[in-house]
Amino acid sequence: MGPWAPRGNGARRGINGKTRSTRTRPFFKIRLSDKRIAQPDGRRRHRLNASIRASGLPEATPTAGSSASAARASGVPVTAPDPTLFRRLRLEPAYKAVSSEIERSILSGKLTPGMPLPTEQSLAERFGVHRSTVREAIRQVEQEGLVQRREGRRLFVTLPGLYDLAPRAARLLLLQQTTFQELWEVAVTLEPLAARLAAVSAEPGDIDELAHNTEVTAALQANGSASMDENMRLVELDVEFHALVGRASHNRALMLAREPISLLYNPIMLQIHLHLPQSKARNLAAHRAILDALKRGDAAAAGEWTRKHMVDFKKGFEMTGQDMRTPISKAQ
């Protein structure tokens, strides 16, 4: 038997008389934590790649760390990624996405007032979401006044009135700590504008409503009572008069813009009536002058009388001892 004759245990004898195993290992572990293997060089890398080729595995390549080290060694600057390259994603909750889609369908006219809204199950299938998600979305659309329930639990598309959204806007003004000065600066612009537009756009029915309001106000003042109920009623009539002028303008954008401000006047005007009894007669005189200008179709006179009326209102407020810079929410 020659020196390379195989033995029973799978070993062969070498030229020097020593035996070595002939068993081949199908796989061997590469420990990337071993620096000698993770970053081989020179003869060691050659032997390692030869062994890997024999096993059928891909040859080892320099790691990112070794590439960076090589780049630094060669003098090539290594730049870090720009941290502002990407922005954090803000994923919209599913119910908001569904409610936005329903609102778009209503605002675009695909769903018109009076049309029934599809059932929860139908909407869930169309959007590919759970019914609970649809239910939350519908609740949000309902709060916006775009749908309402009738005939049991069925939802129908509805058109909110111009004045339905005003209370919400008024609450927002209160939360924003809006001052009397800010309120008056807007009102002294919007109210004369409404009067000028009403002078050329008012219809006979609008004039009749304004005349009726003025007559009721005059009758109530002639009664001579100074009770709290009478003062509150006079405030209501005053606010109503200016709202009627706004409606007579037939400008929906103007009507919607002035209404939240008008709602916040109530407590202010009540304080003026209580502290300055003479303000009632001045209010009535101004309303009559504005009404006469509207009847004549005199836009300039209607606007000027309304402006004077607003300036008089500011003087009355200051005469009550309050500061125009005070937030509305802190009115006494």
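The values are calculated or read from the model by the stated rules, or taken from the named source; none is laboratory data. Note that the structure is predicted; figures quoted are calculated from it, not measured. Positions of Cβ are generated from backbone atoms using ideal geometry, with glycine treated the same way; all protein chains shown enter the neighbour counts.
Key figures
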| quantity | calculated |
| --- | --- |
| Leading residue by the ranking (nearest to PHE156 (Cα to Cα)) among those in the stretch 83-113 that are touching a helix residue (DSSP H, G or I) at 6+ places or on another chain (Cβ under 6 Å) and among the β-branched types (Val, Ile, Thr) | ILE102 |
| Matching option when the condition is on the phi > 0 side of the Ramachandran plot and surrounded by fewer than 16 Cβ atoms within 10 Å (Cβ to Cβ), among GLY224, GLY205 | GLY224 |
| Check on VAL188, more than 30 Å from GLY109 (Cα to Cα), in the same structural domain as MET255 (by TED's automatic domain parsing), surrounded by 15 or more Cβ atoms within 10 Å (Cβ to Cβ) and not charged (D, E, K, R) | yes |
| Wholly within the stretch 120-212, helices (runs of 4 or more DSSP H) carrying at least 2 residues that are closer than 22 Å to ASP298 by Cβ | 180-201 |
| Filter pass, LEU291 being modelled with pLDDT of 90 or more, of a type in the set (A, V, I, L, M, F, W, C) and assigned by TED's automatic domain parsing to the domain that holds HIS309 | yes |
| Set GLN143, GLN176, GLN121: member being exposed (fewer than 15 other Cβ atoms within 10 Å of the Cβ), more than 25 Å from LEU254 (Cβ to Cβ), modelled with pLDDT under 90 and not hydrophobic (A, V, I, L, M, F, W, C) | GLN143 |
| First in the stretch 192-212 and farther than 10 Å from ALA248 by Cα and in contact (Cβ under 8 Å) with a residue 12 or more places away in the chain, second anywhere and assigned to a helix (DSSP H, G or I) and among the hydroxyl-bearing types (Ser, Thr, Tyr), Cβ under 6 Å, 6 or more apart | PRO192/THR306 |
| Members of the stretch 240-253 that are over 16 Å from ASP208 (Cα atoms) and crowded, with 16+ Cβ neighbours inside 10 Å | ASN251 |
| So VAL245, is it closer than 19 Å to ASP206 by Cβ, assigned by TED's automatic domain parsing to the domain that holds THR189 and at pLDDT 85 or above | yes |
